[in-house]
Amino acid sequence: QVQLVESGGGLVQPGGSLRLSCAASGSIFSISTMGWYRQTPGKQRELVATISTGGTTDYIDSVKGRFTISRDNAKKTVYLRMNNLKPEDTAVYFCNLKAAWSIYDAWGQGTQVIVSS
């Protein structure tokens, strides 16, 4: 079984920064692709960033140059550093784990990010 717990969300002014964390239980983390998604009311959940087992990253165009995804396999944790936040970044951010061979596909419960003055 895999469990994911997000943390680090909060209220920040435009131009500010936050770092989200997602801690995973179990032994599947090291062979899993990790990702961050976000969702706002009335909107579909969208992929924000991913990081592979080998450290290859990918980002949605709107966050390139502002967000950085990273992972620490020893701590079984994935991070999302968000700089120069904009009001349109306001959303609930979800951590996702996809294991090799599609053995697992797990989600966290989400952490709220509000960007407002």
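The values are calculated or read from the model by the stated rules, or taken from the named source; none is laboratory data. Computed from a prediction, not measured in an experiment: that's the story for all the values here. All Cβ positions, even for glycine, are placed from backbone atoms using ideal geometry, and neighbour counts span all protein chains on display. SASA here: full protein model, heavy atoms, side chains in, ligands and nucleic acids out. Shrake-Rupley method; radii C 1.70, N 1.55, O 1.52, S 1.80 Å.
Taking residue 79 as meeting all but one of (1) within 25 Å of residue 26 (Cβ to Cβ); (2) open to solvent by 40 Å² or more (accessible area, probe 1.4 Å); (3) in contact (Cβ under 8 Å) with a residue 24 or more places away in the chain; (4) not β-branched (Val, Ile, Thr), write down the number of the exception.
Going through (1) within 25 Å of residue 26 (Cβ to Cβ); (2) open to solvent by 40 Å² or more (accessible area, probe 1.4 Å); (3) in contact (Cβ under 8 Å) with a residue 24 or more places away in the chain; (4) not β-branched (Val, Ile, Thr) one by one, residue 79 breaks only (2).
For segment 1-17, which positions are part of a loop (DSSP other than H, G, I, E, B) and either polar (S, T, N, Q) or within 14 Å of the chain's Cα centre (by Cα) (or both)?
Within segment 1-17, 1, 3, 8, 9, 13, 17 qualify.
Among the listed residues 102, 70, 52, which satisfies the condition of being among the polar types (S, T, N, Q) and modelled with pLDDT under 95?
102
Could you give me the residue pairs with C-beta distances under 8 Å whose first residue belongs to segment 42-55 and is in contact (Cβ under 8 Å) with a residue 12 or more places away in the chain, whose second residue is of a type in the set (A, V, I, L, M) and in a loop (DSSP other than H, G, I, E, B) wherever it lies, and which are 6+ apart or on separate chains?
So the pair list comes out as 46/60; 47/60; 48/60; 49/60.
Filter segment 18-45 down to the residues that are assigned to a loop (DSSP other than H, G, I, E, B) and open to solvent by 50 Å² or more (accessible area, probe 1.4 Å) and list them by number.
27, 41, 42, 43, 44, 45
Only one of 97, 85 is open to solvent by less than 10 Å² (accessible area, probe 1.4 Å) and farther than 18 Å from residue 9 by Cβ; which?
97
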